[in-house]
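Everything on this sheet refers to the single structure shown next.
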Amino acid sequence: MSPILASIYNGLIHTSWLEAIAVISGIVSVWYSRKENVLVFPTGLLNTTIYIYLSLRGHLIGEASVNLYYTAMSIYGWYNWALKTESQYIYPISWCNKKELNFGVILFLLFWVAIYFILIKLTNSNTPVLDSLVSSTAVTSMWWMAKRKMENWIAWIISNLVAIPLNFYKGLILFTLMYVLFLALAVSGYKEWKSKLSSS
């Protein structure tokens, strides 16, 4: 058996049922997001609340904090996506205007710096710049997704492109494969939303 296959096998047999539910619900959530289905949020909430529990159990305060933000954004996004007039959604698919784009970039930079310092002060991360980059782009994409902004997919694509080699470097083969799947879904989601936007 090759080292990669052996890592996948070992990862699978050591994955708890709770971790498995979190991973599956995360994948399902991205799938629903791609389809612009409001079920993206309840499935996402299942994913993030489990990760909060697992992170706190493992004393990973940084991970728990980020997932708490994701949980809050899922509730906020669920509310936004449900808002509509008689004929259309209050937040239809659209590109960011200049103000929304600038806010997203500032949000990204603030979280990148904040998460970086949390990692170097409170954890033993040997890749704090890239770890914080993955998290901060995900933070920004969650904000844009809550407003049905096209840029959310671009942020997810960047996050996944960094996460794939980063997790492979760390020997986390299952997470690497998961982020490869997330990348494929993000690219597909961007194309699908762009097609819907063009036809509206």
Exercise for the section: State whether one or more residues within region 35-57 are open to solvent by 30 Å² or more (accessible area, probe 1.4 Å) and touching a residue at least 60 places away in the same chain (Cβ under 8 Å). Expected result: yes
Practice task
Please verify whether region 132-144 includes one or more residues that are touching a Lys or Arg at 6+ places or on another chain (Cβ under 8 Å) and polar (S, T, N, Q).
Solution key: no
Practice task
Please work out if W156 is under 15 Å from V30 (Cβ atoms), touching a helix residue (DSSP H, G or I) at 6+ places or on another chain (Cβ under 6 Å) and either outside any loop (DSSP other than H, G, I, E, B) or open to solvent by less than 30 Å² (accessible area, probe 1.4 Å) (or both).
Solution key: yes
Problem - In region 66-97, the residues that are part of a helix (DSSP H, G or I), open to solvent by 50 Å² or more (accessible area, probe 1.4 Å), in contact (Cβ under 8 Å) with a residue 40 or more places away in the chain and hydroxyl-bearing (S, T, Y) - result: Y76
Handout entry: The listed residue being surrounded by 15 or more Cβ atoms within 10 Å (Cβ to Cβ) and closer than 25 Å to R34 by Cβ, out of Y116, Y190
Key = Y190
Exercise for the section: Could you identify the single residue in S135, S125, S159, S141 that is of a type in the set (G, A, S) and more than 16 Å from the chain's Cα centre (by Cα)? Expected result: S125
Problem - region 1-48 - residue that is among the β-branched types (V, I, T) and in a loop (DSSP other than H, G, I, E, B) and, of those, modelled with the highest pLDDT - result: V38
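The values are calculated or read from the model by the stated rules, or taken from the named source; none is laboratory data. What you see is a predicted model, and the numbers here were worked out from it, not measured in a lab. Every residue, glycine as well, gets a Cβ built from its backbone with ideal geometry; the counts of neighbours run over all protein chains shown. Protein only, heavy atoms only, side chains kept; ligands, DNA and RNA dropped before computing areas. Shrake-Rupley method; radii C 1.70, N 1.55, O 1.52, S 1.80 Å.
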